[in-house]
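Asks: My structure is below; once you've seen it, I'll send some questions.
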Amino acid sequence: MLVRVGSRGSRLALRQAELAAEALRRPGVEIALVPITTAGDKDRTRPFGEIGERGVFVKELEEALLAGRIDVAVHSAKDMTSTDTEGLVVGAYLARDDPRDALCGAPEIRPGMRIGTASVRRRAQLLALEPTLSIEGLRGNIDTRLRKRGERGLDAIVLAACGLDRLGLDAEIGLRFDPEQLLPEAGQGAVALQVRAGEEELVARAGHEETMRRVEAERAVVAVIGGGCLAPVAAHHDGTTLTAMIADEDGAWVERRSGSSPEELATQLLELVPR
């Protein structure tokens, strides 16, 4: 049986697709990797909110899955929308890697630093930690952003620790932020295997149940809040407690709540949003 595995074409995405292929491969199953270019890959300069809807790194993969051109779509779980696209489901998550954010170029946050990131979630929390920071937009794949840090003379950039680890670039990390400082994006550190509804068995053997439990709780919070990846919203489950956050884009206020029910946490946070 041939299983066509779709992935973005970046070095990190292909590495994650290889990890998925390793988990899916078994006697009688042949894996074919199918690189697909997404809207987020085509436009590497404009902020995500100007490109289009949320999920700018997943839409084309989902279209290929629905059209039958691939059988499995491999995503960084944090890039996905908080609700499933009609006809598709996440059939499995690989075992989660480090979900934390990483500071590259410096060992700590200092007043007045110039820090590069395209994430409004990171921007809001960084400015809440240190209001004198200058947060500058920075897009591109991991290698590009690391290069741009030097070219633009930035003091540091913030990336997902898991991506650096997967590419063997962990030496670039000066600090791994505690989630108490920077609450991660829902799903960060996890790789999602998306399939057509009813075909979950295709990826079931690759699944890590504890990762699914945590990530699905995180996605559920964001789904109720309605923030997705374009609003300063975050959610992280440490195995015991689910914590969610909503913030002002410039860090003027940050509200966090912890508990066990995604719906209750989301409702509490929405009540705190200034009108």
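The values are calculated or read from the model by the stated rules, or taken from the named source; none is laboratory data. Since we're looking at a predicted model, the values are computed, not measured. Every residue, glycine as well, gets a Cβ built from its backbone with ideal geometry; the counts of neighbours run over all protein chains shown. The area values use the complete protein model at the heavy-atom level, side chains included, leaving out ligands, DNA and RNA. Shrake-Rupley method; radii C 1.70, N 1.55, O 1.52, S 1.80 Å.
Asks: Leaving out ligands and nucleic acids, and using a 1.4 Å probe, what accessible area per residue does region 153-259 come to in Å²?
Replies: So region 153-259 comes to 38 Å² accessible per residue, rounded to a whole number.
Asks: Quick one: grab the alpha carbon gyration tensor of region 117-182, order the square roots of its eigenvalues as a ≥ b ≥ c, and give me rounded if a/c is under 1.5, else prolate or oblate depending on whether a/b is larger than b/c.
Replies: Oblate.
Asks: Now for a different question. Once you keep just the Cα pairs under 8 angstrom separated by 6 or more residues, what percentage relative contact order results for the chain?
Replies: Once normalised by length, the contact order is 22 percent.
Asks: Let me ask something else about it. Can you give the charge dipole size of the chain about its Cα centre, rounded to the nearest 20 debye, using +1 on the beta carbon of Lys and Arg and -1 on the beta carbon of Asp and Glu?
Replies: 760 debye
Asks: Here is a follow-up. So how strong a dipole does region 108-203 carry about its Cα centre when Lys and Arg Cβ are +1 and Asp and Glu Cβ are -1, to the nearest 20 debye?
Replies: 540 debye
Asks: For the charge dipole of region 140-275, defined by +1 on Lys and Arg C-beta atoms and -1 on Asp and Glu C-beta atoms about the Cα centroid, which residue among L154, S261, H236 has the Cα displaced farthest towards the positive pole?
Replies: L154
Asks: Can you tell me the orientation of helix 262-272 relative to the chain, as the angle in degrees between its alpha-carbon axis and the longest Cα principal axis, to the nearest 10?
Replies: So the helix axis and the longest Cα principal axis differ by about 30 degrees.
Asks: Using a cut-off of 14 Å between beta-carbons, work out the net charge of the residues near S260 (Lys and Arg +1, Asp and Glu -1, S260 not included).
Replies: -2
Asks: What list of ³J(HN,Hα) values in whole Hz, one per residue of region 74-90 in order, does the Karplus curve 6.51 cos²θ - 1.76 cosθ + 1.60 (θ = phi - 60°) give from phi, with Gly and Pro shown as x?
Replies: These are the phi-based 3J(HN,Hα) values: 9, 10, 5, 4, 5, 7, 7, 5, 6, 10, 6, 5, 4, x, 10, 9, 7 Hz.
Asks: If one takes the longest principal axis of the Cα atoms in the chain, at what angle in degrees, from 0 to 90 and to the nearest 10, does the Cα axis of helix 142-151 lie?
Replies: Around 30 degrees separate the two axes.
Asks: I need the Kirkwood Rh of the chain: take the reciprocal of the average 1/r across all distinct C-alpha pairs and report it in angstrom.
Replies: After inverting the pairwise mean of 1/r, the radius is 19.0 Å.
Asks: Can you give the net charge of the other residues whose Cβ lies under 13 Å from the Cβ of R152, counting K and R as +1 and D and E as -1?
Replies: Around R152, the charge tally is +3.
Asks: Towards the positive end of the charge dipole of region 73-122, with charges on Cβ (+1 Lys, Arg; -1 Asp, Glu), say which of P107, A92, V120 has the farthest Cα.
Replies: Farthest towards the positive pole: P107.
Asks: Ignoring ligands, DNA and RNA, what percent of the 1.4 Å accessible area of the chain is carbon and sulfur?
Replies: 47 percent
Asks: Nearest 10 degrees is fine. How inclined is helix 120-129 to the longest principal axis of the chain, computing both from alpha carbons?
Replies: The angle comes out near 30 degrees.
Asks: For the chain, set up a GNM with springs between Cα atoms under 10 Å and report which of D79, D97, D238 has the largest fluctuation.
Replies: Comparing D79, D97, D238 in the GNM, the peak value goes to D238.
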